[in-house]
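S.K.: Have a look at this one.
The values are calculated or read from the model by the stated rules, or taken from the named source; none is laboratory data. If you're wondering where the values come from, they're calculated on a predicted model, not measured in any experiment. Positions of Cβ are backbone-derived with ideal geometry, glycine not excepted, and every protein chain shown enters the neighbour counts. Areas reflect the complete protein model, heavy atoms only, side chains present, ligands, DNA and RNA absent. Shrake-Rupley method; radii C 1.70, N 1.55, O 1.52, S 1.80 Å.
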Amino acid sequence: MQAARGVLVLNAGSSSLKFAVVDPDTGAQRLSGIGESLGDSDPRVSWRCDDETGHLALDPGAAHAAVLDYLVGELLPAQPALRAQLIAVGHRIVHGGEHFAQSVLIDGDVIATIEDCAALAPLHNPPGLLGIRAARRAFAQLDQVAVFDTAFHQSLPPHAYLYALPYRLYREHRIRRYGMHGSSYRFVSERAAALLQRPLSALNIIATHLGNGASVAAIKSGTSADTSMGLTPLEGLVMGTRCGDLDAGVLIHLAESLGYAVAEIRALLNRDSGLLGISGLSNDCRELERAAGNGHRGARLALEIFCYRLAKYIAAYTVPLQRVDALVFTGGIGENSTWVRAQTLEWLRGLGYRLDSARNRQMRAGAEGAITAAGSPLALVIPTNEEWVIARDAARLVAAQE
Ligand code: ADP
């Protein structure tokens, strides 16, 4: 039997760093944790290792490097067996532009290219680079691998990825649609094929990843044919705090008539909109469902707009796919919200979808399976596991160079 192996998976956000030690063969996570409020006055780390949990306050202003220092200097040395299992570090990187259609071993050239892509994702790539630099220092002897959210969507055809802008903006500045959540789409489409006991190459799937960020993808034979996120993760669905699709004329109006500065527009669209902006209450789907149940009008409206937009995207993706073998719900909302799934399928009655309410209620908290009635096109709930995809890619790339 092969000895247990572990990949340290790092997912760096602007003020957070999630970490996990993932077995690439089974997906099991022996250690998982998060550093939060990094760079703020009260940064902290919390973690779980088997049945043990821990919390630690970091020094005010401490950032990503401090979390890794703690991981390398204290947490892992206290778990020598786990430390000895590590074979690689896998980094989630949001934007790889057109440079990366798959995961890669990280070297100086790869870092320089990710830096170039930061112009396309100023909010997302810099923290990823912070994580890479800190991990290269902390784990000098381990291979580092970058896994890009955008890579899966490099298969998009030009009619799906081009905006109707002057073509030179694409030619000279690579302004186009890129798409995100690629690791999640890879995981759930492979899992759907396993559940249906059919080869992925023979399946057409519409997958919806509904978390704080949310997107939809049309997946044909295991490759992305269209997706709702664009140059940045702002386009497409209504999200926790992002607006999704918007008439670009609104931006002109905000700037010209209402005097908004660019930084204010960025904050408005990314942080103050979506479920939070409409409801005036919260970006958290659970809280909105509770409030809507208690008669909060804004919460109800936010959830209704969320489901309506989602249903429209799902219907639209019958265009590239023609035949749809499975509709998949994943992400925190997709995996848990019976209400969102029911409302969305209600809008899709015209395409023949019929919910099985009892099954829908069962699909939560990690459950996996169908939520549709006999005779309906199939809709599945599949819990995603992006960390496992990252760990598998890292293990494969490390093995390939041995
Ligand atoms: P992230 O994009 O940050 O990884 P997640 O995939 O964890 O986000 O999804 C977070 C969202 O999932 C939140 O809106 C949260 O309210 C929602 N969610 C989690 N559990 C439930 C639940 N039981 N019912 C409804 N929504 C839920």
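S.K.: Please go through the range 368-402 and pick out each residue that is touching a strand residue (DSSP E or B) at 6+ places or on another chain (Cβ under 9 Å), open to solvent by 20 Å² or more (accessible area, probe 1.4 Å) and among the acidic types (Asp, Glu).
M.R.: Matches in the range 368-402: GLU368, GLU386, GLU387.
S.K.: Residue under question is GLN85, and the condition is that it be under 25 Å from VAL398 (Cβ atoms) and modelled with pLDDT under 95; does it hold? Write out each step before concluding.
M.R.: On the way: under 25 Å from VAL398 (Cβ atoms): yes; modelled with pLDDT under 95: yes.
The answer is yes for GLN85.
S.K.: Condition check: among the small types (Gly, Ala, Ser) and at pLDDT 95 or above. Does ALA160 satisfy that?
M.R.: Criteria met by ALA160.
S.K.: Given PRO383, PRO377, which one is in contact with a Gly (Cβ under 8 Å, 6 or more places away or on another chain) and farther than 24 Å from GLY90 by Cα? Break it down into steps so the answer makes sense when it comes.
M.R.: On the way: PRO383 fails: farther than 24 Å from GLY90 by Cα.
The conditions single out PRO377.
S.K.: In the range 184-193, is there at least one residue being open to solvent by 50 Å² or more (accessible area, probe 1.4 Å) and acidic (Asp, Glu)?
M.R.: The initial filter retains those residues of the range 184-193 that are open to solvent by 50 Å² or more (accessible area, probe 1.4 Å), namely 186, 190-191.
Pick out the ones that are also acidic (Asp, Glu) and you get 190.
There is at least one residue in the range 184-193 that is open to solvent by 50 Å² or more (accessible area, probe 1.4 Å) and acidic (Asp, Glu).
S.K.: Which condition number in (1) away from the ligand (no atom under 12 Å from the Cβ); (2) open to solvent by 50 Å² or more (accessible area, probe 1.4 Å); (3) touching a helix residue (DSSP H, G or I) at 6+ places or on another chain (Cβ under 9 Å); (4) of a type outside the set (Asp, Glu) is the one that ILE314 fails?
M.R.: (2)
S.K.: Pairs needed: first member in the range 195-216, closer than 24 Å to VAL340 by Cα and open to solvent by 50 Å² or more (accessible area, probe 1.4 Å); second member anywhere, within 16 Å of the ligand (Cβ to nearest atom) and not aromatic (Phe, Trp, Tyr); C-beta distance under 8 Å; at least 6 residues apart or different chains.
M.R.: LEU195/GLU368; LEU195/ILE382; ASN212/MET239; ASN212/GLY240; ASN212/THR241; ASN212/ASN283; ASN212/GLY332
S.K.: Say we look at the range 103-128 and pick out the residues that are touching a residue at least 60 places away in the same chain (Cβ under 8 Å) and surrounded by fewer than 20 Cβ atoms within 10 Å (Cβ to Cβ); which of these is farthest from PRO24 (Cα to Cα)? Before you say what the answer is, go through the steps one by one.
M.R.: We begin by selecting, within the range 103-128, every residue touching a residue at least 60 places away in the same chain (Cβ under 8 Å); these are 103-105, 120-121, 123-124, 126-128.
Remaining after also requiring surrounded by fewer than 20 Cβ atoms within 10 Å (Cβ to Cβ): 105, 123, 126.
On the way: LEU105: 16, LEU123: 29, PRO126: 27 Å.
Taking the candidates together, the pick is LEU123.
S.K.: Output the strands (runs of 3 or more DSSP E) that fall wholly within the range 1-57 and possess 1 or more residues being touching a residue at least 40 places away in the same chain (Cβ under 8 Å) and open to solvent by 30 Å² or more (accessible area, probe 1.4 Å), or say none.
M.R.: Details: elements: 6-12, 17-22, 29-36, 44-49, 52-57.
Output list reads 6-12, 29-36.
S.K.: Pull up the range 282-302, narrow it to residues that are closer than 19 Å to GLY332 by Cα and among the hydrophobic types (A, V, I, L, M, F, W, C), then point me to the one that is nearest to the ligand (Cβ to nearest atom).
M.R.: Of everything passing the filter in the range 282-302, CYS285 is nearest to the ligand (Cβ to nearest atom).
S.K.: Now, a different point. Scan the range 326-367 for residues that are within 11 Å of the ligand (Cβ to nearest atom), open to solvent by 30 Å² or more (accessible area, probe 1.4 Å) and among the aliphatic types (A, V, I, L, M) and jot them down.
M.R.: Selection gives ALA365 alone.
S.K.: Sticking with this structure for a sec: For HIS95, state whether it is touching a Leu at 6+ places or on another chain (Cβ under 9 Å), in contact (Cβ under 8 Å) with a residue 40 or more places away in the chain and assigned to a loop (DSSP other than H, G, I, E, B). Don't jump to the end; show me each part of the working.
M.R.: Numbers: touching a Leu at 6+ places or on another chain (Cβ under 9 Å): yes; in contact (Cβ under 8 Å) with a residue 40 or more places away in the chain: yes; assigned to a loop (DSSP other than H, G, I, E, B): yes.
When the stated conditions are applied, HIS95 passes them.
S.K.: Could you check how many residues of the range 292-304 are open to solvent by less than 60 Å² (accessible area, probe 1.4 Å) and either farther than 19 Å from THR344 by Cα or modelled with pLDDT under 95 (or both)?
M.R.: Number satisfying all stated conditions: 1.
S.K.: Based on what the data block shows, is ARG168 surrounded by fewer than 18 Cβ atoms within 10 Å (Cβ to Cβ), among the charged types (D, E, K, R) and touching a Gly at 6+ places or on another chain (Cβ under 7 Å)? Outline the logic, then answer.
M.R.: Values: surrounded by fewer than 18 Cβ atoms within 10 Å (Cβ to Cβ): yes; among the charged types (D, E, K, R): yes; touching a Gly at 6+ places or on another chain (Cβ under 7 Å): no.
For ARG168, the condition - surrounded by fewer than 18 Cβ atoms within 10 Å (Cβ to Cβ), among the charged types (D, E, K, R) and touching a Gly at 6+ places or on another chain (Cβ under 7 Å) - is not met.
S.K.: Another question, then. Considering only residues of the range 220-270 that are aliphatic (A, V, I, L, M) and within 16 Å of the ligand (Cβ to nearest atom), which is most open to solvent (accessible area, probe 1.4 Å)?
M.R.: LEU234
S.K.: Can you tell me which of SER16, SER46, SER37 is touching a helix residue (DSSP H, G or I) at 6+ places or on another chain (Cβ under 9 Å) and of a type in the set (Ser, Thr, Tyr)? I'd like the intermediate steps shown before the answer.
M.R.: Working: SER46 fails: touching a helix residue (DSSP H, G or I) at 6+ places or on another chain (Cβ under 9 Å); SER37 fails: touching a helix residue (DSSP H, G or I) at 6+ places or on another chain (Cβ under 9 Å).
Going through SER16, SER46, SER37 in turn, just one is touching a helix residue (DSSP H, G or I) at 6+ places or on another chain (Cβ under 9 Å) and of a type in the set (Ser, Thr, Tyr): SER16.
S.K.: Which residues, taken from the range 361-402, are of a type in the set (A, V, I, L, M, F, W, C) and not in a helix (DSSP H, G or I)? Quick ask: steps written out before the conclusion?
M.R.: First pass over the range 361-402, keeping only residues of a type in the set (A, V, I, L, M, F, W, C): 363, 365, 367, 370-371, 373-374, 378-382, 388-391, 394-395, 397-400.
Residues satisfying the conditions are MET363, ALA365, ALA367, ALA370, ILE371, ALA373, ALA374, LEU378, ALA379, LEU380, VAL381, ILE382.
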